[in-house]
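What follows is a set of notes on a single structure, which appears directly below.
The values are calculated or read from the model by the stated rules, or taken from the named source; none is laboratory data. Source: prediction; values computed, not measured. Note that each Cβ is placed from the backbone with ideal geometry, even for glycine, and that neighbours are counted across all protein chains shown.
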Amino acid sequence: MTIYLKDLIKQLELFLKSTNFDRGIRIGVGIVVPFGVLYLLGYSQYAPAVVLGTFLNAPGDIPGSFKRKVNAILISIGLTMVITAIIHLSKPFLPVLFVALAVITFIISLISVYGFRASLVSFSGLLAMVIALAVPKETVTEIFAQVALMGLGGLWYLIVSLIFQKLAPKKDQNQLLSNTLQLIGKYLKLRAKLLTNKNKREEGLKQTFVLQSQINDKHETLRETLLTARKRSGRSRYEEKQLLIFLSSIKIFELIEAKHLDYDTIDGIFGERKEYLKASKKLNKKMGNHLIRLSELLIQNDKIPENKILLAALAKANDIITEYINKVKLPEAREGALVLKNLYDYQEQLLQEIQAIRKVMANVQDASKISLKRQNSTQFLTLQEYRLNVLLQNFSLSSTMFRHSLRLTIAIIFAFMLGVVFDIQNTYWILLTIIVIMRPSYGLTRTRSKDRIIGTLIGAVIAVGIVLITQNVVVYAVLAFVSLIFAFSLLQLNYKSAAALITISIIFVYCLINPDAFEVIQYRVLDTVIGSVIAVLANYLIVPSWEVNNLKQVLLNALKMNRDYLLATQALYQDPSTNKLPYNLARKEAFLAISNLNAAFQRLTQDPKSKQKEFQLIYEIVTLNQTMISAIASIGNFMINHRTTPASVEFNRLMERIAKTLQMSFDCLNTTSSMVKINEESIEDAQDKLLDKYRLLSNMRDENIKKGNTELDTETLHGLQEAYLIANHMNWLKSLSENLEKTTNSYRVSIIDNN
C-alpha cells in the first residue's frame with residue numbers, strides 16, 4: 001500500500017509539473033483575467049466575447065518551432081474572426097446560412113492537409129463556426145463588435161502563451177524529451193520480452209508498431225524545436241544539454257531497431273537453452289526501467305539513481321558468454337556465442353548512450369560537446385509544404401482528407417437541418433460533438449464517440465450529485481473553472497476524462513446563468529448521443545475511407561526508403577568517412593517511412609472486421625518491411641562501431657540483388673513494368689563465398705584451439721563477428737526481399753486490381 005501511495009504521489013507530481021497541466025493553466029488564466037478585469041471595470045458585457053476569442057485560439061499553441069507557433073495562433077485569430085462574421089451575417093437568411101456552413105466546413109477542414117498544427121487551426125475555425133450559431137447578435141454593429149473583441153481575446157491568449165514560455169522557456173522541450181525517453185524505455189522492455197517469449201511474439205510485434213510510430217513523432221517534433229531554436233550567437237548551455245539528450249535518444253532508438261533479431265534463427269540455435277538469453281533480457285529490462293526513471297527526473301529534478309545495477313547486469317551478460325562456451329563447448333558453441341557477443345556489444349553501446357544522458361542530466365562538465373554544422377542539421381528537418389498546390393492536389397476522392405472534409409460537411413448540414421426541422425433547442429451542441437469527435441478514420445471516430453458519450457454521462461452524474469448537494473453559485477463558479485483547467489490538461493492524455501470534465505464545466509456555467517440545471521444536463525447528454533451517432537454513421541456510410549485502400553502510397557514510400565537506406569549502407573561500407581551523413585539521412589527517412597506504415601496498420605486494425613481485407617497478408621508485408629529496415633540498421637550499426645574489412649565483391653553483388661528485388665516490389669505495387677534482371681547463379685555463388693569466409697575463419701580458429709592457443713584476440717573476434725553478421729544478414733535480407741516481393745504481388749492482385 002505504501003509503494004502504491006508513493007507511486008500515486010509521484011504520478012500526481014509529474015502531471016502537475018507537465019506541459020499538459022501548464023497548458024490548462026494558460027487557458028484558465030487567459031479566460032479568468034480578462035473576465036475579472038472587465039467585470040471590475042464595469043464592462044462585463046464585453047467579457048464573453050474576449051473569453052471566447054481566448055478559448056478559440058488556444059488549440060494552435062502546441063510544442064514546436066516558436067515562429068510556427070506564433071504564426072499558427074495569428075492565422076487562427078484571423079480565421080475565427082472572418083468565420084464568425086460570415087456566420088452572423090448569414091443567420092437571417094437560412095438558405096445563405098446553409099451554403100455558408102457547407103463551404104466553411106469543407107474548406108476549413110481541408111486545411112488539415114498541411115499537417116498536425118494546421119489541423120488544430122482548422123479545428124479552431126470549425127469551433128468558431130459552431131459557436132457563432134449559438135451567440136445571438138442582431139445588428140451589424142453588434143456583429144463587428146463581437147468579432148473585434150474575439151480578436152482581442154486571441155491576441156491576449158498569444159501574450160499569455162508568450163509570457164508562460166518566457167517564464168519556463170524549456171518546459172515544452174523537457175516534456176517532449178521526457179515523453180520520448182519514457183516511450184523508448186517501454187520499447188526496450190518490450191524488445192526484451194520478444195527475445196524469449198516465443199508464444200507472444202506476434203502480439204508483441206504489433207505493440208512495437210505503436211511505440212515506433214509514437215517515438216518517431218516525438219523525434220520529429222524535437223527536431224523542429226531543437227534544431228530550429230539555434231541563435232546567431234550559438235546555443236546556450238541548457239540548449240546544448242537538451243540537444244545532447246535528444247541525440248542520445250535517437251542513437252538508443254536506432255540501436256534497438258538495429259537489433260531486430262531473426263527470432264527463428266535464435267530459437268534454432270538455443271532451443272532448450274533459453275536460459276543463456278535471460279541475462280540479456282534482464283539487462284534490457286533494467287535499462288528500460290532506468291530510461292523511464294530518467295524521463296521522470298527531467299520533470300521532477302530529483303536525484304539521479306545509481307547505475308551499479310546496470311553495470312552488474314552488463315557484466316553478467318558478458319559472463320554468460322563464457323558460461324555458454326564452457327557448457328556447450330567449441331566449435332558447437334561458436335554460433336550461439338557470436339549471437340550472445342553481438343547482443344552484448346549492442347547492449348554495451350546502449351548503456352554508453354544511457355550513461356551519456358546521465359552525465360548531461362548530472363551537469364558533468366566533460367559531457368560531450370556537439371558539433372553540428374547548420375547546413376547538416378537542417379537536412380534532418382522534415383519541412384512542411386505550405387504551397388497552394390498541396391491543397392489543389394487533394395481535390396480528389398482519392399485523397400483521404402478530401403473524403404473526410406466531404407463527409408464532415410454532409411454530417412454538419414444534416415445535423416443542422418435536423419435541428420431546423422425538429423426545432424431542437426441546442427442544435428449547436430450536436431454540431432460541436434460532430435466536430436470534436438469526427439476524424440478521417442472510422443476507428444478513431446468510433447473510439448472518440450464512445451469515450452465522449454461515457455465521459456459526458458460520467459460528468460452529468462457528477463454534476464447532478466453536486467447540484468443536489470448544494471445550490472451555491474460560488475461553488476459552481478469554482479468547479480466550472482477548475483474542471484475546465486483539468487479538462488484541457490487531460491485532453492491529449494485521456495479523452496474520456498476530459499469529456500467528463502468539460503461536461504461538468506459547461507453544466508456549472510449554465511447553472512450560473514439558468515437555475516434549471518437538470519434541463520441543461522438532460523439536453524447535454526441527449527445532444528452528445530445524437531452527435532456521436534451521426535459522426536459514426538457518416539464515417540461508415542458517406543464516401544468511407546477504409547485503410548486497406550489507402551495503404552498503397554504508404555507502402556510505396558516504405559519500399560523506396562528501404563531501398564535507399566540499403567544502398568546508403570552499401571556506400572557506407574565502401575567509405576565510412578565520406579558517406580556517414582548520407583547514410584544518417586537515409587536512415588532517418590527510412591525510419592519515418594516505416595513509422596507511417598506502422599501507423600497506417602494501426603488504423604487498419606481499428607476498422608470494422610468486414611473491411612479489413614487480407615489482414616494477415618498486410619500484417620506480413622508490414623512485418624517484412626519492419627524486419628528489413630532493422631536488418632539493414634544492424635549491418636550499418638556494426639560498420640559504424642567496428643573497424644571492418646573492405647567490402648567484398650560478393651557483398652556488393654548481394655546488395656545490388658536485394659536492391660533490385662525491392663525495386664521489383666515497388667514496380668509491381670506501382671503497376672509499372674519492371675526491367676530488372678537478376679542472375680540467380682551469380683547470387684548463389686556470392687552467398688556461398690560469404691559463408692565460406694566465415695567457415696574459413698571458424699576453421700582457422702578451431703586449428704588454433706587444437707594447438708593450445710585458446711586466447712582470442714580482438715582482431716580475430718571482430719573478424720569472426722563481421723563474417724558471421726554479413727553472411728547471415730545478407731542471406732536474411734535476400735530472403736526478406738524475396739518474401740516481400742511475393743506478398744506485395746499478392747497484395748496488388750487481391751486488393752489494388754480488384755478496386
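Please work out if PRO48 is more than 30 Å from ASP423 (Cβ to Cβ) and not polar (S, T, N, Q). No: the conditions fail for PRO48.
Restricting attention to the range 624-655, the residues being in a helix (DSSP H, G or I) and free of Cβ contacts under 8 Å to residues at least 60 places away in the same chain number 3. SER377 fulfils the conditions (1) at pLDDT below 90; (2) surrounded by fewer than 13 Cβ atoms within 10 Å (Cβ to Cβ); (3) assigned to a helix (DSSP H, G or I); (4) of a type outside the set (Phe, Trp, Tyr) except for a single criterion, (2).
Residues are listed down the side, and each one gets a yes or a no for (1) in a loop (DSSP other than H, G, I, E, B); (2) among the charged types (D, E, K, R); (3) out of contact with any Cys (no Cβ under 7 Å at 6 or more places or on another chain); (4) under 23 Å from ALA631 (Cβ atoms):
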residue	(1), (2), (3), (4)
LEU291	no, no, yes, no
PRO305	yes, no, yes, no
LEU314	no, no, yes, no
GLU332	yes, yes, yes, no
GLU335	no, yes, yes, yes
ASN342	no, no, yes, yes
TYR346	no, no, yes, yes
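Pairs meeting the criteria (first residue in the range 176-204 and over 20 Å from GLN349 (Cα atoms), second residue not in a helix (DSSP H, G or I), beta carbons under 6 Å, at least 6 apart or on different chains) are LEU176/PRO63.
Among the listed residues SER124, SER119, which satisfies the condition of being small (Gly, Ala, Ser), surrounded by fewer than 20 Cβ atoms within 10 Å (Cβ to Cβ) and either part of a helix (DSSP H, G or I) or touching a helix residue (DSSP H, G or I) at 6+ places or on another chain (Cβ under 8 Å) (or both)?
That would be SER119, the only listed residue that is small (Gly, Ala, Ser), surrounded by fewer than 20 Cβ atoms within 10 Å (Cβ to Cβ) and either part of a helix (DSSP H, G or I) or touching a helix residue (DSSP H, G or I) at 6+ places or on another chain (Cβ under 8 Å) (or both).
Of the residues GLY24, GLY64, GLY42, GLY78, the single one that is modelled with pLDDT of 90 or more and touching a Ser or Thr at 6+ places or on another chain (Cβ under 9 Å) is GLY24. Of all residues in the range 665-675, none are exposed (fewer than 15 other Cβ atoms within 10 Å of the Cβ), modelled with pLDDT of 70 or more, touching a Gly at 6+ places or on another chain (Cβ under 8 Å) and hydroxyl-bearing (Ser, Thr, Tyr). Kindly indicate which of ALA633, ALA686 is at pLDDT 85 or above, out of contact with any Pro (no Cβ under 6 Å at 6 or more places or on another chain) and not charged (D, E, K, R). Every option except ALA633 fails the conditions.
Within the bounds of the range 146-169, is there any residue that is part of a loop (DSSP other than H, G, I, E, B), of a type outside the set (Ser, Thr, Tyr) and within 23 Å of GLN492 (Cα to Cα)? Yes, the range 146-169 has at least one match.
Please verify whether the range 88-97 includes one or more residues that are within 25 Å of ARG439 (Cα to Cα) and surrounded by fewer than 18 Cβ atoms within 10 Å (Cβ to Cβ). No, there is no match, as no residue in the range 88-97 is within 25 Å of ARG439 (Cα to Cα) and surrounded by fewer than 18 Cβ atoms within 10 Å (Cβ to Cβ).
Please state which one of VAL140, VAL147, VAL135 is out of contact with any Pro (no Cβ under 7 Å at 6 or more places or on another chain) and surrounded by 20 or more Cβ atoms within 10 Å (Cβ to Cβ).
When all the criteria are applied, what remains is VAL147.
Note on the range 427-450: residues that are polar (S, T, N, Q) and within 16 Å of VAL525 (Cβ to Cβ) amount to 3. Pairs linking a residue in the range 413-433 that is without any contact (Cβ under 8 Å) to a residue 60 or more places away in the chain and small (Gly, Ala, Ser) to a residue that is surrounded by 18 or more Cβ atoms within 10 Å (Cβ to Cβ) and in a helix (DSSP H, G or I), with Cβ atoms under 9 Å and 6 or more positions apart or on different chains, are GLY419/THR427; GLY419/TYR428; GLY419/ILE430; GLY419/LEU431. Any residue in the range 11-18 that is in a helix (DSSP H, G or I) and either touching a strand residue (DSSP E or B) at 6+ places or on another chain (Cβ under 6 Å) or surrounded by 22 or more Cβ atoms within 10 Å (Cβ to Cβ) (or both)? The answer is no, given that none of the residues of the range 11-18 is in a helix (DSSP H, G or I) and either touching a strand residue (DSSP E or B) at 6+ places or on another chain (Cβ under 6 Å) or surrounded by 22 or more Cβ atoms within 10 Å (Cβ to Cβ) (or both).
Look at PHE518 and say whether it is modelled with pLDDT under 90 and aromatic (Phe, Trp, Tyr). Considered against the rule, which asks whether it is modelled with pLDDT under 90 and aromatic (Phe, Trp, Tyr), PHE518 comes out as yes. Selection of the range 162-199 for residues being touching a helix residue (DSSP H, G or I) at 6+ places or on another chain (Cβ under 7 Å) and of a type in the set (D, E, K, R) yields LYS170, LYS171, ASP172, LYS186, LYS189, ARG191, LYS193, LYS198.
Can you find even one residue in the range 457-478 that is touching a Phe, Trp or Tyr at 6+ places or on another chain (Cβ under 9 Å) and closer than 30 Å to PHE116 by Cα? Checked against the condition, which is being touching a Phe, Trp or Tyr at 6+ places or on another chain (Cβ under 9 Å) and closer than 30 Å to PHE116 by Cα, the range 457-478 yields no hits at all. Residues that are of a type in the set (Ser, Thr, Tyr), within 32 Å of the chain's Cα centre (by Cα) and outside any loop (DSSP other than H, G, I, E, B) within the range 492-550 comprise TYR495, SER497, THR503, SER505, THR528, SER532, TYR540, listed in sequence order. Has the range 55-63 got any residue that is part of a helix (DSSP H, G or I) and either small (Gly, Ala, Ser) or surrounded by 15 or more Cβ atoms within 10 Å (Cβ to Cβ) (or both)? Yes; the residues of the range 55-63 include at least one that is part of a helix (DSSP H, G or I) and either small (Gly, Ala, Ser) or surrounded by 15 or more Cβ atoms within 10 Å (Cβ to Cβ) (or both). Whenever a residue of the range 735-755 is at pLDDT below 90, its partners that are loosely packed, with under 15 Cβ neighbours inside 10 Å and among the β-branched types (Val, Ile, Thr), lying with C-beta atoms within less than 8 angstrom and at least six residues away or across chains, give the pairs ARG748/THR671; ILE752/THR671.
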